[in-house]
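Here, each number is a calculation from the coordinates, and none is a lab measurement. Values in this document were obtained by computation on a predicted structure and should not be read as measured data. Please note: Cβ atoms are built from the backbone with ideal geometry, for glycine as well, and neighbour counts cover all protein chains shown.
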Amino acid sequence: MAKSYDLYTFGETLALFMTVDSDSVVTATNYSMTAAGTEANVAVAAHQLGLDIFFQTKLGPDELGDAVRDKFLEVGLKADHFIRCENYTGALVRNHGGTQPFVNTYLRRCSAGSTFSPADVDEEVLANSKWLHVTGISVSISDSSKAAVIHAIEIARKNKVGISFDLNYRKKLWSEKEASTALNAIIRDIDVVSGGVDEYEIIFGSKDPEVNLATVAALGVKTVIMTAGPDEMRILHDGTRFNFTPQKVKLVDPVGSGDAFISGTISGLIGGLSIQDAIAQGSKCGAAVAATRGDWALMITGKSGVLMSGEVNG
């Protein structure tokens, strides 16, 4: 019998090159390199919170793939189940955002991560895991990756594994119509759906956030979370509607904070927290990432999915 993991997630991981000596890629000559990807960010944050993680990504047969793999090993996430394929390891180049708006340049067309398919999903491991996390990015990057997400959800649902879905709409990857059509067909009978108020409007069609909350709940979604940046979140959980005000911090780098939020939230649920306490924990995790540079929540620590002493360590 396969080992049981707390969280199963998979997706494309990119080598992230961020400017060091300038806040513009045009003028920069020095870059720091790390790894990034929405599911990777979620996996790292959940690992930091003390959960046992099965994270699967696909990397190329290149040294960049080796470098990305090593970034996971450095934080203690095993790479035994990473898949190497003939396609190249994708990359993301961006400025550090200290003085200028963030500008992302993606080098990901036909990347290794985009070749995910249903055959790559470890069905036995997933069936024995507690929770599955998937995102709209994995649905958008290729038809085969979309099929892998659908297959994983079907396995999780059949085996009563918890499921969370982060909308993660990216206009550089697909149109609003494509996203709405695809995600409306996929999202049903899921434990947690999360996304920004604008993402809900794009995917579910109403300019009224309350209508979109009700629409998603009617699809059999137990907890619908609608974020609005630093403003109040809307939550509809098991028919109960409430708001939550996120923790305020001095914004340094918002990239990855949404992933830390959903990771902190679902980790809390896995660890036995109430939905209110889980969202509060997610908010702390998201704030910690937003207040530091980089995508990974290495500043948070926890045990069994719950923050140590209920606070983020600085």
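Side notes on the structure shown:
- J(HN,Hα) series, segment 82-93, from Karplus relation 6.51 cos²θ - 1.76 cosθ + 1.60, nearest Hz, glycine and proline x: 5, 10, 9, 9, 6, 6, 6, 6, x, 9, 10, 10
- Amide H to amide H, with H built 1.01 Å from N, residue 306 comes under 5 Å of no residue 5 or more places away or on another chain.
- Fraction of beta bridges assigned by DSSP in the chain that are antiparallel (%, nearest 5): 45
- Shown here for segment 127-180: trypsin sites (Lys or Arg not before Pro) in loop regions (DSSP other than H, G, I, E, B) with at most 12 other Cβ atoms within 10 Å, namely 160, 171, 172.
- Available extension along the chain between residue 123 and residue 228 is 34.3 nm, counting 0.36 nm per residue and deducting the alpha carbon span.
- Here the peptides 210-219, 108-117, 131-140, 258-267 are ranked by packing, the mean other Cβ count within 10 Å, and the order with the highest first is 258-267, 131-140, 108-117, 210-219.
- A simple count of charges around residue 42, restricted to other residues whose Cβ falls under 10 Å of its Cβ and scoring Lys, Arg +1 and Asp, Glu -1, yields -3.
- Note on semi-axes √(5λ) of the Cα gyration tensor in Å: of the candidates (1) 26, 23, 21; (2) 33, 22, 16; (3) 29, 22, 20, the value calculated from this structure sits at (1).
- If the segment from residue 33 to residue 189 were pulled out straight at 0.36 nm per residue, it would be longer than the present Cα-Cα gap by 52.3 nm.
- Phi to ³J(HN,Hα) by Karplus 6.51 cos²θ - 1.76 cosθ + 1.60 over segment 115-131, Hz, x for Gly, Pro: 8, 3, 9, x, 5, 7, 6, 7, 4, 5, 5, 4, 4, 9, 8, 7, 8
- Rounded to the nearest 500, the 222 nm mean residue ellipticity of the chain from helices alone is -10000 deg cm²/dmol, with -39,500 (n - 2.57) taken per DSSP H run of at least 4 residues.
- Cα-Cα over 27 Å, subset of 3/158; 172/303; 78/171: 172/303; 78/171
- Mean separation of Cα contacts under 8 Å, 6 or more apart, over the residue count of the chain: relative contact order %: 17
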